[in-house]
Amino acid sequence: MADEELVKKMLRAVLMSNNSGVSLSRLQVEYKDMTGELIPYKQLGYATLDAFLYNIPSVMRLDKEQSGEVVCHPRTGNEMAHITKLAARQRLSKKTGRPQVVNCQMRMKPAAPLVLNAKPRTSLRQPEHRGRLGRGGGRGGGHGDYRTGNMRDFQPEGRGGKPHSTPPNTPPRKPSIPSERSDKRMTLPPRFQKEVITHLSRNPQQSNASYNPTESTTPAKQRVPHTAPYSPKLVQSHLKEILNKHCNGLWVSKLPQLYQEHYKQDLPIEALKDLEHWTHICTVEKPCISKPQEFLLYPAKEMNQISTPPNAATPPKHDTPPSHQKTPHHTQKPSPTSKPRSPASSRALPPDLRQRLGELLLKYSSGLWAHALPKLYQDTYKSKLPEFVLDNLTLLSDICTIDYPVPDNPKRAILYAKVVEDENRNQSGLAQLQTSERRLSSQTVPHLIIPTEEYPSVLVMEAADTNSVILRYIGESYSKAQEKMEDEMREFYRKDNTKMTLSSPCPGQLTAVRAEEEEEILRAQVCEVMADKVKVHYVDHGFSEVISGSKLLELHEKFFRLPFQATKCKLAGLESFSHEPAVLKRFESVASGKILLAEIVEREEVPLVVLYDTSQDDDININAACLKALQDKSLESPLKVNSAYMNVTVTSVCSDGTIYCQVPSRGLAKLNEILEKIENYFRSQVTSESLVSQPFCGKSCLARYKGKWSRVEITNLHGSRVLDILFVDIGVQASVEVTELREIPPPLLRDIISIPPQALKCCLADLSVSVGSWTPDAVQWLRDTVLHCSDCSLKISKVDESKHLAHVYLFTSKNFHDTSCSLNQQLANSDLWNHQKDVFLSSHGPSKFPPTNPVTIQTSSSSPSEGDKTVHPLKKRSSPPGGQSTPPGSPTKHLALPPGLELPEVGQNIDVFVSVACHPGHFVLQPWQDMYKLVVLMGEMILYYNQTDERPLKVEKNQVCAAKMENNWYRVLVKGVLNNGLVSVYQLDYGKHELVRGTQLRPLTQEFCQLPFQAITAQLAGVKSRQWSEEASIVFRNHVEKKPLVAQLESVQEASQPWDRKVVIYLVDTSQEERDIWLHDIMAEFTDELTNAA
């Protein structure tokens, strides 16, 4: 019998993670993604899923959309308020009115799949090499390393005399005493209970904790490396060869293993001691503070420059010995650059050219496409980049490193600025920051470390200006640790505080303070000593007040261990308006005293952040909201009912019938005047200062539209180089590379920010606005009729303030008095509109994101049709690029699929990233070191498909194509076509099953089939296959999902198609410097619990 309360909790967790609700058709998919099982409504006594859902109103509410689709929303009534109250232990100071301790979080902002910078990954730390009989013996290597000895001959003991599969060379674990229980239902092991409860409350900060497997490991004696006299020159030459294959870094613990594999001899122990002195051979970096014997090796600078071949088409394969390397056939082809060097290409770069290129590369620390370099150089310095630079990129090897994510096209290389010295300094500075302490009141207090989460929860206290916003981080090591400390302080000082009074306070001294009319004891720092009063600053709460000196107590040394919790941050995009009263007033109203999510743009001593309020249905960008406070309302486009406007410019027509117009106004005239000044400014500027090097959501900047600079707002980031933008004065969305953006010139910044967006959002009155109501032919007819028509007029019939939408009658002449002559009436009476019900799109629900008109920014996306006032048939549009051999909308019959993903041999290690984890019997891996190639590929797909034809694809089962989901494009396999127009697809690179609209599918071009599909279906070795419980699945997910791990290959189940192949592996978490966590050890506890309960 299923546990109904647990099912309710899991359903609530699913709904809380989707701020816009979950459609009924997707609920089972979302639930299975989280639990690995379908909703067990029949086991709970319900005939249908609908009956069960309608019977749990405390968990969700069911709303029917206009399209008829049912959407499930989390219940946000009194019950959720009660849960929030329990989760957030808020103690308010009556005098200050400020929250003292808060432990709740905002709804998590979903992370984009392209958060990784498109930069080659170094290898992960491998499991400890402890000899043949120790844990992880012979596993010191990465991809390509193999075990020593016959691993399968070792038979460890199982628990309770029942052997279960254990990774070779793993010592037996200490038997656990089974807990007594009165029923047959599995009881969750106590040490996992908190983790499951935390997961159900959707607290990501607390779900990443790792737990100690119950084990008793006596490491075997290490094999002593070779100690005989050795030849340093011979070892150095061998080391050079190894480092040439690992130019992105190599853990020294892996070196003996690789040396043995390559040269069939042990690495002399004296050589390990001499590595730091061989600066001409290698560079040593020590990132492990608590484990100094573990460090990274890199090729020496001189060697790195010399060893880069001029015709390199691919980066070296990491951690793969020569005998196991399998290079695809196409990489053996000579690249276009592998030709005799011309005299021009062999000369060194001129100093001024080298300096300019260095400036451009430093502006894009996450990498710069080589193909973007000529245009960027031309735009920035008003001169042409010499052609020999791209023909021989190795000329740039002294100022950048070069990577080739697209093997067949060396000019698609990515250039990374060399900042080795700066990185070392930053890393050493970070280490000093983590270990250094400041001395106050003769005691030391550690510095506060910025959380590692992508979106940490914060409590905003106050802001004197936007460059010094005071906040507190929410989480296990922050607010919860503070709450625990203040509980201890209250108990400590309650016993006897008469002898602890601070008699002679001095400025800068740390003290404990009894809060006014409260039992609370808070940490504070003395700011100023007066006659009988003292001004103190509460270091954990970020505010100051004047109190009586009798309230000061000596702060015991044990309360110096926790860092001060009140810290500062800067709001990105508001640096130039940090003291503006309007900005600070808006910030006070939308952010002060609230728990928000913080996106950390720059991790500095005072971090640069973007704040989000995710408590509503739509996320609110606090930074952008504060910037809009500077807009002059008198310059907004007029919106008056029954008003008519002539000389209207229609700038965009969306696929759901929404149109954007520019209406003559003071604001539009002023905007055009400033944009003309910006054109003149960039014509005369010769500097890289205007390049956008740090993009973030909500940032206002400039991009070219039809050859002219226009205002844009960044709406979404796809990695570090591809992003989505909105032309705010035109209403057009586009995907561009970051190199196409420019900062607003400082002299014109205030003037242009004061102008509200000039794109007026409209819809045609009397015609419905939804994707299903507008056929592609109807949309194209409207575009051909109104775009580029210089004589449009409109009349406003209604204004929907909540949606900022104007219902209008649109005309292509000045005859706006007769609505029967409007385009609305012409379209309503046409065959294009009458036949819309026959289109399968009509059954679709509304999309999560507003439909847009994909455009190519430099040119128009449709031909002009000025003055056209009648309905006319459309011309057939050309087939989508990449599918020239097939008719529009038909499946790609002759698509050559990419080669299968190369796997190591059985027994070898490979670094992986777990993208999906249902339970130990089913999870999905991605190769860790090649993930940057997938980021590059998806960025290219976004740029390509967002600018191509919208004609839907005729889909068939088992077809490989491209699909748009959540503003990203994925390579997918069609699993089934539903009658309602939805298509079931499998993401070939991420391993997820999704439902998408058929209109979101496009043919996959051959260009995007070079990279092997990255998803690898896997099963955990070392545990028996079984039906895993919800609790076990939750614990497994918390330990592996969205994490880089080391996998040891146990077996491979081959298949005819790459997506059907499955591997059985051991997983090891080596993120902690002190120990390795073997996942089969953790999950075996659940196996034993179920066995004992049976």
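The values are calculated or read from the model by the stated rules, or taken from the named source; none is laboratory data. Bear in mind that the values here come from a model prediction, so they are computed numbers and not experimental data. Positions of Cβ are backbone-derived with ideal geometry, glycine not excepted, and every protein chain shown enters the neighbour counts. Ligands, DNA and RNA are excluded from the accessible area calculation, which covers all protein heavy atoms including side chains. Shrake-Rupley method; radii C 1.70, N 1.55, O 1.52, S 1.80 Å.
Scan the range 235-284 for residues that are part of a strand (DSSP E or B) and either surrounded by 15 or more Cβ atoms within 10 Å (Cβ to Cβ) or over 31 Å from the mean Cα position of the chain (by Cα) (or both) and jot them down. I'd like the intermediate steps shown before the answer.
In the first step, residues of the range 235-284 are kept if they are part of a strand (DSSP E or B); the result is 250-251, 282-284.
Those that are part of a strand (DSSP E or B) and either surrounded by 15 or more Cβ atoms within 10 Å (Cβ to Cβ) or over 31 Å from the mean Cα position of the chain (by Cα) (or both): 250, 251, 282, 283.
Show me the strands (runs of 3 or more DSSP E) found entirely inside the range 594-684 where at least 1 residues are touching a Ser or Thr at 6+ places or on another chain (Cβ under 8 Å) and buried (at least 16 other Cβ atoms within 10 Å of the Cβ). It would help to see each step written out before you state the result.
Details: elements: 595-602, 608-613, 644-653, 659-662.
Per the criteria, 595-602, 644-653, 659-662.
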So which of 1032, 1047 is more than 30 Å from residue 69 (Cα to Cα), assigned to a strand (DSSP E or B) and either over 24 Å from the mean Cα position of the chain (by Cα) or not polar (S, T, N, Q) (or both)?
1047
Close pairs from the range 408-427: first under 28 Å from residue 1006 (Cβ atoms), partner at pLDDT below 70 and open to solvent by 80 Å² or more (accessible area, probe 1.4 Å), Cβ under 8 Å, at least 6 apart
408/333; 410/336; 411/336
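When only residues in the range 1050-1068 that are touching a Leu at 6+ places or on another chain (Cβ under 7 Å) and open to solvent by 10 Å² or more (accessible area, probe 1.4 Å) count, which is nearest to residue 1015 (Cα to Cα)? Explain how you work it out, then say what you get.
Kept after step one, since they are touching a Leu at 6+ places or on another chain (Cβ under 7 Å), are these residues of the range 1050-1068: 1052, 1058-1059, 1063, 1065, 1067-1068.
Still in the running and open to solvent by 10 Å² or more (accessible area, probe 1.4 Å): 1052, 1058-1059.
Numbers: 1052: 14, 1058: 9, 1059: 7 Å.
Looking at residues that are touching a Leu at 6+ places or on another chain (Cβ under 7 Å) and open to solvent by 10 Å² or more (accessible area, probe 1.4 Å), I get 1059.
Every residue, every condition in (1) of a type outside the set (A, V, I, L, M); (2) at pLDDT below 50; (3) within 29 Å of the chain's Cα centre (by Cα), yes or no:
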{"residue": "876", "(1), (2), (3)": "yes, yes, no"}
{"residue": "879", "(1), (2), (3)": "yes, yes, no"}
{"residue": "889", "(1), (2), (3)": "yes, yes, no"}
{"residue": "894", "(1), (2), (3)": "yes, no, no"}
{"residue": "904", "(1), (2), (3)": "yes, no, yes"}
{"residue": "910", "(1), (2), (3)": "no, no, yes"}
Pairs please, first residue from the range 368-381 and closer than 15 Å to residue 693 by Cα and of a type in the set (Gly, Ala, Ser), second anywhere and open to solvent by 10 Å² or more (accessible area, probe 1.4 Å) and assigned to a helix (DSSP H, G or I), Cβ atoms under 8 Å, 6+ apart in sequence or on different chains.
372/739
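So how many residues does the range 32-66 have that are among the polar types (S, T, N, Q) and crowded, with 19+ Cβ neighbours inside 10 Å?
Looking only at the range 32-66, we keep the residues that are among the polar types (S, T, N, Q), and these are 35, 43, 48, 55, 58, 66.
So of that shortlist, the ones also crowded, with 19+ Cβ neighbours inside 10 Å come out as 35.
The qualifying residues number 1.
For residue 1052, indicate whether it is β-branched (Val, Ile, Thr) and not in a loop (DSSP other than H, G, I, E, B). Working first, answer last.
Working: β-branched (Val, Ile, Thr): yes; not in a loop (DSSP other than H, G, I, E, B): yes.
In short, yes.
Just the residues that are in a strand (DSSP E or B) and not polar (S, T, N, Q), please, taken from the range 696-715. Please lay out each step first, then the result.
Of all residues in the range 696-715, those in a strand (DSSP E or B) come to 700-705, 708-715.
Within the range 696-715, 701, 702, 703, 704, 705, 708, 709, 711, 712, 713, 714 meet the criteria.
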Number of the condition not met by residue 25 [criteria: (1) closer than 23 Å to residue 616 by Cα; (2) in contact (Cβ under 8 Å) with a residue 60 or more places away in the chain; (3) touching a strand residue (DSSP E or B) at 6+ places or on another chain (Cβ under 8 Å)]:
(1)
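Okay, residues lined up against (1) more than 30 Å from residue 695 (Cα to Cα); (2) assigned to a strand (DSSP E or B); (3) touching a residue at least 60 places away in the same chain (Cβ under 8 Å):
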residue	(1), (2), (3)
535	yes, yes, no
555	yes, no, yes
562	yes, no, yes
573	no, no, yes
579	no, no, yes
Six or more apart or on different chains, Cβ atoms under 8 Å: show the pairs whose first residue is in the range 257-278 and at pLDDT below 80 and whose second is among the aliphatic types (A, V, I, L, M) and in a loop (DSSP other than H, G, I, E, B).
260/267
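Could you check how many residues of the range 548-583 are open to solvent by 40 Å² or more (accessible area, probe 1.4 Å) and touching a strand residue (DSSP E or B) at 6+ places or on another chain (Cβ under 8 Å)?
To start, the set of residues in the range 548-583 that are open to solvent by 40 Å² or more (accessible area, probe 1.4 Å) comprises 550-551, 554, 556-558, 561, 568, 570, 575-576, 579-582.
Okay, now just the ones that are also touching a strand residue (DSSP E or B) at 6+ places or on another chain (Cβ under 8 Å), so 550-551, 554, 556-557, 561, 568, 570.
Residues that pass the stated criteria total 8.
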Quick check on the range 830-844. Is at least one of its residues at pLDDT 75 or above, more than 40 Å from the chain's Cα centre (by Cα), surrounded by fewer than 19 Cβ atoms within 10 Å (Cβ to Cβ) and farther than 30 Å from residue 953 by Cβ?
no
Criterion first (at pLDDT 85 or above, open to solvent by 20 Å² or more (accessible area, probe 1.4 Å), of a type in the set (A, V, I, L, M, F, W, C) and in a strand (DSSP E or B)) does residue 923 satisfy it?
no
Give 29, 14 a once-over and let me know the one that is surrounded by fewer than 19 Cβ atoms within 10 Å (Cβ to Cβ), modelled with pLDDT of 80 or more and of a type in the set (A, V, I, L, M, F, W, C).
29
Tell me the residue from 939, 998, 991 that is on the phi > 0 side of the Ramachandran plot, in contact with a strand residue (DSSP E or B) (Cβ under 9 Å, 6 or more places away or on another chain) and either modelled with pLDDT of 85 or more or open to solvent by 10 Å² or more (accessible area, probe 1.4 Å) (or both), please.
991
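Looking at this structure, is residue 732 closer than 23 Å to residue 932 by Cα, in contact (Cβ under 8 Å) with a residue 60 or more places away in the chain, surrounded by 20 or more Cβ atoms within 10 Å (Cβ to Cβ) and aliphatic (A, V, I, L, M)?
On the way: closer than 23 Å to residue 932 by Cα: no; in contact (Cβ under 8 Å) with a residue 60 or more places away in the chain: yes; surrounded by 20 or more Cβ atoms within 10 Å (Cβ to Cβ): yes; aliphatic (A, V, I, L, M): yes.
Against the criterion (closer than 23 Å to residue 932 by Cα, in contact (Cβ under 8 Å) with a residue 60 or more places away in the chain, surrounded by 20 or more Cβ atoms within 10 Å (Cβ to Cβ) and aliphatic (A, V, I, L, M)), residue 732 does not qualify.
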What's the number of the only condition in (1) loosely packed, with under 14 Cβ neighbours inside 10 Å; (2) without any contact (Cβ under 8 Å) to a residue 40 or more places away in the chain that residue 689 fails to meet?
(2)
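Given the structure, is residue 493 over 26 Å from the mean Cα position of the chain (by Cα), of a type in the set (Ser, Thr, Tyr) and outside any loop (DSSP other than H, G, I, E, B)? Break it down into steps so the answer makes sense when it comes.
Numbers: over 26 Å from the mean Cα position of the chain (by Cα): yes; of a type in the set (Ser, Thr, Tyr): yes; outside any loop (DSSP other than H, G, I, E, B): yes.
It is true that residue 493 is over 26 Å from the mean Cα position of the chain (by Cα), of a type in the set (Ser, Thr, Tyr) and outside any loop (DSSP other than H, G, I, E, B).
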Take residue 502 and tell me if it is buried (at least 21 other Cβ atoms within 10 Å of the Cβ), aliphatic (A, V, I, L, M) and modelled with pLDDT of 90 or more.
no
